[in-house]
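Below you'll find the structure, written out as structure tokens, and then a few comments.
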């Protein structure tokens, strides 16, 4: 009987010590080490890849934004975003794709309407946009609906409109696009891309200097 109680106590003691040690290692030491490494080596990414303008955070380079006026470069459509109908106290958007097939009549209608709008919005005196010039990312949303980037082709298509509305030379706006165009990751993955938020911040700064 005494041996049984002693063994039980010994096992409970060992289990308690293991709980304390593992709690300290996995619940305190490990998170602190990982956080320290992330903050030291990947500070920007560890904090959400924040983008600042005028001394305050205006967004993340990983998350696209909607609602830009025609004075600015437009992002991809966000047809996959839904409204928050569960808890209407918070104005949250639901990220996702439309899940419509390529031959879906609703999707075809959305694409045709988006293409017509791109042509109309970006046709300015001295520069006309043809439907054949409109790239796919100008009329289709990404899987998340929150793609922060557009193709260089779509950015270039918008240059004349943006230049005209901001009273800037076309060459200067083209240079802004060129400066904010990133190549393929590691030289072979993905496609060249332009971050819309970063480009629009640079555009705003340039336009402010000339106003």
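Computed from the coordinates by the stated procedures, all read-outs in this text should not be read as laboratory data. Given the structure is predicted, the values throughout are model-derived calculations rather than measurements. Cβ sites come from the backbone with ideal geometry, for glycine too, and all protein chains shown count toward neighbours.
Once you put a point 7 Å from the Cα of residue 89 and another 7 Å from the Cα of residue 62, both along the Cβ direction, what distance in nm separates them?
Once both label points are built, they end up 2.8 nm from each other.
If you project the alpha carbons of the stretch 2-43 onto their three principal axes, what span does each projection cover, largest first, in Å?
Sorted largest first, the three principal extents are 58, 8, 6 Å.
Can you give the Rg to Rh ratio for the stretch 1-108, taking only C-alpha atoms and Rh from Kirkwood?
Computed over Cα atoms, the ratio is 1.30.
For 206, 17, which order do you get if you count the other beta carbons within 10 Å of each Cβ and list the fewest first?
17, 206
Tilt of helix 196-210 relative to the longest C-alpha principal axis of the chain, in degrees (0 to 90, nearest 10)?
Roughly 50 degrees between the two axes.
By counting other Cβ atoms within 10 Å of each Cβ, how are 30, 72 ranked from fewest to most? Provide the component values of the computation, followed by the final result.
Details: 30 11, 72 21.
The most exposed by this proxy come first: 30, 72.
Taking Cα atoms, how many degrees apart are the long axis of helix 30-41 and the longest axis of the chain, rounded to 10 and kept between 0 and 90?
30 degrees
Just report the Cα centroid separation between the stretch 1-79 and the stretch 92-139, whole Å.
38 Å
Return one number: the angle in degrees, 0 to 90 and rounded to the nearest 10, between the long axis of the Cα atoms of helix 2-24 and the longest principal axis of the Cα atoms of the chain.
Taking the Cα atoms of the chain, the angle to 2-24 is about 20 degrees.
Can you compute the helix-only [θ] at 222 nm over the chain? Use -39500 (n - 2.57) per DSSP H run of at least 4 residues, normalise by all residues, nearest 500 deg cm²/dmol.
Details: 7 runs with 96 residues, N = 211.
Per the formula, -14500 deg cm²/dmol.
Output needed: percent of Cα pairs per 10 Å distance bin for the chain, bins running from 0 to the one holding the longest distance.
7, 23, 27, 18, 9, 7, 5, 3, 2, 0
Given contacts defined as C-alpha pairs under 8 Å and at least six residues apart, what's the relative contact order of the stretch 22-164, whole-number percent?
26 percent
Going by C-beta contacts inside 10 Å, put 20, 196, 119, 58 in order with the fewest on the left.
20, 58, 119, 196
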